[in-house]
Amino acid sequence: MKQLKAAWTGFRLPDTDPWVMFEKYARMGYQAMDGDLSRLPGDPVENLKRFKDLGLQPLCTGIDGTNLEVAKDPKKIAEVVKRAEFYGVDKVNIGWNSVIDSFGSHYGNNGTYDSMMVDIENMNAIVKALADEGLKPMYHNHYQEFTVSYNGVSVMDYYLTQVDPRLMLKLDVGWAYVGGVDPVEYMEKAKDRIALLHIKDFTEMIQPRYLVNADKETDFGFTAVGTGVLDLKGIFKKALEIGQEWAIVEQDRERVLKWEDAIACAYFNMKETGLVE
């Protein structure tokens with residue numbers, strides 16, 4: 001039976017040598033990291049070899065700067081293309097947009113229709129530049145793309161219809177749930193546009209929307225993958241059905257478990273479904 005492979009993003013342990021983390025995650029059963037090694041100190045060639053020797057691989061790279069900055073600077077595009085070639089990846093994260101302003105400037109401040117249209121203009125420029133080089137630009141959703149609408153159309157639907165169709169999604173199923181969307185149903189809807197999947201879990205839907213404004217003593221609704229309300233097995237079945245290869249674990253805030261325990265818990269809960277290696 002075909003299974004997904006496990007990857008991670010985040011889970012950076014404070015004051016810990018990243019190579020100690022990588023070795024532990026590889027021993028757990030993880031096979032890749034969402035991102036590249038470009039921010040690590042040391043020789044890039046040696047770092048990449050050491051990473052691969054652990055049985056790990058990078059899954060993507062990303063742009064440096066805002067979408068506006070990159071859209072107006074061909075040199076930044078050239079840097080991304082060169083970095084993607086070095087790491088042997090074809091997927092590139094593009095930047096965030098005004099719709100998620102509420103994460104940095106109070107809940108409910110989600111930009112305007114006009115700011116969204118500027119975002120779309122910049123996204124179109126970046127997507128064309130990267131896709132013309134044979135790369136797959138990806139947009140990572142949060143909940144606001146689903147909850148914010150203009151003229152009766154969600155921001156996510158604007159992105160899928162008004163941006164160059166070569167734009168792919170790094171679909172975060174947890175944030176989709178927080179946005180009021182059934183992740184499995186949405187995966188079917190967007191199956192031809194999903195490049196990678198982020199697997200995040202929550203205890204409930206509303207509290208995570210107040211990530212910035214919530215009392216720091218609360219748990220924000222985040223929880224280790226497999227201990228919340230998301231239907232892991234259903235999500236993984238659909239992922240395999242639509243041809244996905246990776247299940248990428250992510251958790252934005254600790255709940256009870258510390259990071260090292262949370263990433264281990266996530267892996268074993270995913271493996272217990274029988275649908276992840």
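The values are calculated or read from the model by the stated rules, or taken from the named source; none is laboratory data. Owing to the predicted nature of the structure, the values given are computational and were not obtained by experimental measurement. Glycine also receives a Cβ, built like all others from the backbone with ideal geometry; neighbour counts cover every protein chain displayed.
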>> Condition (residue is in contact with an Asp or Glu (Cβ under 7 Å, 6 or more places away or on another chain) and not small (Gly, Ala, Ser)) applied to the stretch 256-277: is it met by at least one residue?
In response: no
> Pairs under 8 Å by beta carbon, first residue more than 21 Å from Ala84 (Cα to Cα) in the stretch 17-38, partner of a type in the set (Phe, Trp, Tyr) and outside any helix (DSSP H, G or I), six or more apart or different chains?
Replying inline: Met21/Phe11; Tyr25/Trp8; Tyr25/Phe11; Tyr30/Trp8
> Taking only pairs six or more apart or across chains, which ones have beta-carbon atoms under 9 Å, a first residue in the stretch 189-213 that is touching a residue at least 60 places away in the same chain (Cβ under 8 Å) and on the phi < 0 side of the Ramachandran plot, and a second residue that is surrounded by fewer than 18 Cβ atoms within 10 Å (Cβ to Cβ) and of a type in the set (Gly, Ala, Ser)?
Replying inline: Pro208/Ala214; Val212/Gly104; Val212/Ser105
>> For the list (1) in contact with a helix residue (DSSP H, G or I) (Cβ under 7 Å, 6 or more places away or on another chain); (2) surrounded by fewer than 18 Cβ atoms within 10 Å (Cβ to Cβ), I need the number of the one condition that Val70 fails.
In response: (2)
> Quick one: is Val127 buried (at least 23 other Cβ atoms within 10 Å of the Cβ), among the hydrophobic types (A, V, I, L, M, F, W, C) and more than 23 Å from Val229 (Cα to Cα)?
Replying inline: yes
> Of the residues Glu79, Glu46, Glu85, which is surrounded by fewer than 20 Cβ atoms within 10 Å (Cβ to Cβ) and under 21 Å from the mean Cα position of the chain (by Cα)?
Replying inline: Glu85
>> Out of the residues in the stretch 100-126 meeting the condition of being touching a Phe, Trp or Tyr at 6+ places or on another chain (Cβ under 9 Å) and free of Cβ contacts under 8 Å to residues at least 60 places away in the same chain, tell me which one is nearest to Leu169 (Cα to Cα).
In response: Met123
>> I'd like to know if the stretch 219-238 contains one or more residues that are at positive phi and at pLDDT 95 or above.
In response: yes
>> Please count how many residues of the stretch 264-277 are within 13 Å of Ile199 (Cβ to Cβ) and in a helix (DSSP H, G or I).
In response: 6
>> Which residue is farthest from Gln251 (Cα to Cα), if the candidates are limited to the stretch 1-32 and must be of a type in the set (D, E, K, R) and touching a helix residue (DSSP H, G or I) at 6+ places or on another chain (Cβ under 9 Å)?
In response: Lys2
>> I'd like to check something: does the stretch 258-272 contain any residue that is out of contact with any helix residue (DSSP H, G or I) (no Cβ under 6 Å at 6 or more places or on another chain), crowded, with 22+ Cβ neighbours inside 10 Å and not aliphatic (A, V, I, L, M)?
In response: no
>> If I ask for residues that are surrounded by fewer than 20 Cβ atoms within 10 Å (Cβ to Cβ) and at pLDDT 95 or above, which ones from the stretch 94-114 would you list?
In response: Tyr113, Asp114
>> Considering only residues that are in a helix (DSSP H, G or I) and either under 20 Å from Ile248 (Cβ atoms) or within 21 Å of the chain's Cα centre (by Cα) (or both), which ones fall in the stretch 110-124?
In response: Met116, Asp119, Ile120, Asn122, Met123, Asn124
> Restricting the search to the stretch 238-257, which residues are of a type in the set (D, E, K, R) and either surrounded by fewer than 18 Cβ atoms within 10 Å (Cβ to Cβ) or in contact with a strand residue (DSSP E or B) (Cβ under 9 Å, 6 or more places away or on another chain) (or both)?
Replying inline: Glu241, Glu245, Glu250, Asp252, Arg253, Glu254, Arg255
>> Please count how many residues of the stretch 238-263 are under 23 Å from Ile206 (Cα atoms), within 18 Å of the chain's Cα centre (by Cα) and part of a loop (DSSP other than H, G, I, E, B).
In response: 5
> For the stretch 1-105, which helices (runs of 4 or more DSSP H) that fit wholly inside it have 3 or more residues that are over 29 Å from Glu272 (Cα atoms)?
Replying inline: 44-53, 67-71, 74-87
